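The values are calculated or read from the model by the stated rules, or taken from the named source; none is laboratory data. Since we're looking at a predicted model, the values are computed, not measured. Backbone-built Cβ (ideal geometry, glycine too); neighbour counts: all protein chains shown. Heads up: the accessible areas ignore ligands, DNA and RNA and are worked out on the full protein's heavy atoms, side chains in. Shrake-Rupley method; radii C 1.70, N 1.55, O 1.52, S 1.80 Å.
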Amino acid sequence: MSWYVVWENFAWLMEGFWVTVQLTSTSVFIGLFIALFLAIMKLSPIIIYRWPAETIIFFFRGTPLLVQLFLVYYGSGQFRHELDAIGLWTYFREGYFCAVFVLALNTAAYSSEIFAGAIKSVDKKQIEAGKAFGMSRWKLYQRIILPQAIRIGWTGYINEIIFIMQATSLVSIITVLDLTGVAGRIISKTFAIYEVYIAIAIMYLVITYTLVFIFSRLEKRLNRHQT
């Protein structure tokens, strides 16, 4: 095997590496807030709140991520005039925006189930105590329920973050030059399949275990009161 190809294209691979990191961090950041919002809506006793959340979760958990990417990137063109009228076509015509949009909603759908289960696990006595102090439903979520639910569901959420990072490898299908997309371009020019794929496998490992380290440290900080 000739590793010269990898070193020759290392700067290009690093560009794809940072695109993958950006996609992951942006999608996870946006997806976390959507996930918490969906989890609260899903557990709401009010049906007009619960059904939209359950529909979003049902769709994004029940269909392949690749199909979702195709539907948004290629399907949004069918609604170009409508999107242009509200100023959104500028965004939906870009592969990067579509990738972040789909990844964020996909991770939100899976993460919402994690947090919904965690919310149900919060000690009911603490919630009753909060109600006794006159806390509103929003205050209960803000001060009692969500802080504990995040701690309870954090370990499962770390696994979801790793999954969505690895799932970014699919966005090259919609012309986004992430790490896998750059690797494909290099291979099409050099035919150095093994060298390039071994190189990007190492890069994905670096991202994975960096994320594991960061979020494990955050988990320890969240649970520092138990130490």
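Points worth noting:
- Subset of region 130-175 [open to solvent by 80 Å² or more (accessible area, probe 1.4 Å) and either free of Cβ contacts under 8 Å to residues at least 12 places away in the same chain or not in a helix (DSSP H, G or I) (or both)]: LYS131, ALA132, PHE133, ARG137, TRP138, GLN142, ASN159, THR175
- Of all residues making up region 77-129, the number that are open to solvent by 10 Å² or more (accessible area, probe 1.4 Å) and free of Cβ contacts under 8 Å to residues at least 40 places away in the same chain: 29
- Flag if TYR96 is among the hydroxyl-bearing types (Ser, Thr, Tyr), farther than 23 Å from ILE57 by Cα and out of contact with any Gly (no Cβ under 9 Å at 6 or more places or on another chain): no
- Residue count, region 13-48 (criterion: surrounded by 15 or more Cβ atoms within 10 Å (Cβ to Cβ) and free of Cβ contacts under 8 Å to residues at least 60 places away in the same chain): 1
- Residue, nearest to ALA167 (Cα to Cα), within region 3-12, restricted to residues that are open to solvent by less than 60 Å² (accessible area, probe 1.4 Å) and assigned to a helix (DSSP H, G or I): VAL6
- Of the residues contained in region 53-69, none is found to be over 28 Å from TRP138 (Cβ atoms), outside any helix (DSSP H, G or I) and open to solvent by 90 Å² or more (accessible area, probe 1.4 Å).
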